[in-house]
1. Among the residues of the range 85-98, what is the count of those that are buried (at least 17 other Cβ atoms within 10 Å of the Cβ) and not small (Gly, Ala, Ser)?
2. Could you check the range 37-74 and list, in sequence order, the residues that are touching a residue at least 60 places away in the same chain (Cβ under 8 Å) and either in a strand (DSSP E or B) or touching a Leu at 6+ places or on another chain (Cβ under 8 Å) (or both)?
3. What is the one condition in (1) surrounded by 11 or more Cβ atoms within 10 Å (Cβ to Cβ); (2) in contact with a helix residue (DSSP H, G or I) (Cβ under 9 Å, 6 or more places away or on another chain) that Ser32 does not satisfy?
4. Name the residue that is surrounded by the most Cβ atoms within 10 Å (Cβ to Cβ), counting only residues in the range 1-17 that are in a loop (DSSP other than H, G, I, E, B) and in contact (Cβ under 8 Å) with a residue 24 or more places away in the chain.
5. Within the group Lys20, Lys25, Lys34, which residue is under 20 Å from Lys92 (Cα atoms), without any contact (Cβ under 8 Å) to a residue 60 or more places away in the chain and either in a loop (DSSP other than H, G, I, E, B) or more than 20 Å from the chain's Cα centre (by Cα) (or both)?
6. Could you please let me know if Arg46 is of a type in the set (Lys, Arg) and surrounded by fewer than 15 Cβ atoms within 10 Å (Cβ to Cβ)?
Amino acid sequence: MRKYETIYIVHPDLGDEDIKALSEKVQDVIASFKGECYRLEDWGMRKLAYPLKKQARGRYFYLNFEGNPALIAELERRLRLDDKVLRYQSVKLEKDVVAPAAAAEKAVAEVSAETSVSEAAASETTAPAE
């Protein structure tokens, strides 16, 4: 099984019952394909960069789950058919993802460690003989 995350934007005027029904539908799709939902977050209302279906605002949801490619295909098909959903995007997460900043810090630490080792070796070779 692979890890995925999906962000979907729903119509801003939906009531709590509609949002709850949509969230349950998404979780049912994951459960029916034997996937596992780790996190479903409501990021709230946000202004969109450009209008989607004549809407300037949207309600964002973040979904982190594990499943197979057939699960993604079915989930995206259902989100595409639902008129309440303005936009969605699913991304496969890689294993052992290292943030670019952390990778750069690690590289700097390795270079400085190598430099100190080479300086110590150079000082040993240039030390006066007794």
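Here, each number is a calculation from the coordinates, and none is a lab measurement. Owing to the predicted nature of the structure, the values given are computational and were not obtained by experimental measurement. Neighbour counts run over all protein chains shown; Cβ positions are idealised from the backbone, glycine included.
1. Narrowing the range 85-98 to residues buried (at least 17 other Cβ atoms within 10 Å of the Cβ): 85-86, 88, 90.
Filter once more, so that each one left must be not small (Gly, Ala, Ser): 85-86, 88.
Residues that pass the stated criteria total 3.
2. Asn64, Phe65, Glu66, Gly67
3. It is condition (1) that Ser32 fails.
4. Pass one, the range 1-17, residues in a loop (DSSP other than H, G, I, E, B): 1, 11-15.
Filter again for in contact (Cβ under 8 Å) with a residue 24 or more places away in the chain, leaving 1, 11-12, 14.
Working: Met1: 11, His11: 19, Pro12: 14, Leu14: 14.
It comes out as His11.
5. Working: Lys20 fails: under 20 Å from Lys92 (Cα atoms); Lys25 fails: under 20 Å from Lys92 (Cα atoms).
Residue meeting the stated conditions: Lys34.
6. Values: of a type in the set (Lys, Arg): yes; surrounded by fewer than 15 Cβ atoms within 10 Å (Cβ to Cβ): yes.
Yes, satisfied.
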